[in-house]
């Protein structure tokens, strides 16, 4: 396995260029199914293969709280341009993650906080990690897909 | 960082003139991808693809853009007449919406896009 250069202080885009050149993409079998509105169908988050390779390699991606800080800045009514982009580049990068840890990171990065912070409140989970084979085989009735109500928030490990 | 580095402000051809390297740095795409309705096939600077329903997808970026008003281009891939819009631009994501060109109804379509603009 190739060693990651010391990337703290290097622009994240440059790190991604290095990763694209040196790492093999990793197609994950994991999928994240979540519902952020009772009126809409379930959404399915698929990890990017190059991003997953960066997560597994370590030393490239910033901690996920950096994205939350940037999102907070962007949500301000006066926002026009990021002024704290340095957080992406200067914060110590994440060490190598397992694929499962990477999925947890991705959920916190790319799913709405209202979903993952409260995933187990309510009569059924708002978010489920599954393998792609567990999704319907065709996209027929795609807009009616929902997380099954047979899942309980108390026995998800079963 | 242990990488080779060439620093230059100008690229000059022997006969065909010169080019400021800022044109290259500022003008290159900062994120691009080709995706189907269920996965990303080829990409750069994207972290995840969310299938929100028929013809409705979200692409998230790894390296955030400095503003959410960046320009981009999209394309529907294949022989059928399809329209692909991007909307709801955030500094870390965009939505792609795909339609049948003749009717305007949403449909699943393989898409390609690239985003320019400045990074945070």
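What follows draws every value from the coordinates through simple rules; no lab data is involved. Small disclaimer: the values here were computed from a predicted structure and weren't measured. A quick note on method: Cβ atoms are made from the backbone with ideal geometry, for glycine too, and the neighbour counts reach across all protein chains shown.
Each listed q (0.19 Å⁻¹) maps to a log10 I(q)/I(0) for chain B, found by the Debye formula over equal Cα scatterers with no solvent: -0.97. Rounded to 0.05, the FRET efficiency of the residue A:118 and residue A:69 pair, given R0 = 22 Å and the Cβ-Cβ distance, is 0.60.
For every helix of n ≥ 4 consecutive DSSP H residues, a contribution of -39,500 (n - 2.57) applies; sum these over chain A, divide by its total residues, and give [θ] at 222 nm rounded to the nearest 500 deg cm²/dmol.
Values: 6 runs with 52 residues, N = 158.
Calculated mean residue ellipticity at 222 nm is -9000 deg cm²/dmol.
Name the most mobile residue of B:16, B:39, B:80, meaning the one with the largest mean-square fluctuation, in a Gaussian network model of chain B with Cα contacts below 10 Å. Fluctuation is largest for B:16. Going by Cα centres, the stretch B:30-107 and the stretch A:32-87 are how many Å apart? The distance from the Cα centre of the stretch B:30-107 to that of the stretch A:32-87 comes to 16 Å. If R0 is taken as 22 Å, the Cβ-Cβ distance between residue A:14 and residue B:13 corresponds to a FRET efficiency of 0.25. With each label modelled as a point 7 angstrom along the Cα→C-beta vector, the residue B:25-residue B:107 pair spans 4.4 nm. Taking label positions 7 Å along the Cα-Cβ direction at both residue A:24 and residue A:39, the computed distance is 4.7 nm, reported to one decimal. In degrees between 0 and 90, to the nearest 10, how far off the longest principal axis of chain A does helix A:12-22 point, with axes built from Cα atoms? For A:12-22 against chain A, the angle is about 80 degrees.
If you plug the beta carbon distance of residue A:133 and residue A:101 into 1/(1 + (r/R0)^6) with R0 = 30 Å, you get a FRET efficiency near 0.85. The angle between the Cα long axis of helix A:64-74 and the longest principal axis of the Cα atoms of chain A comes to about 90 degrees, rounded to the nearest 10.
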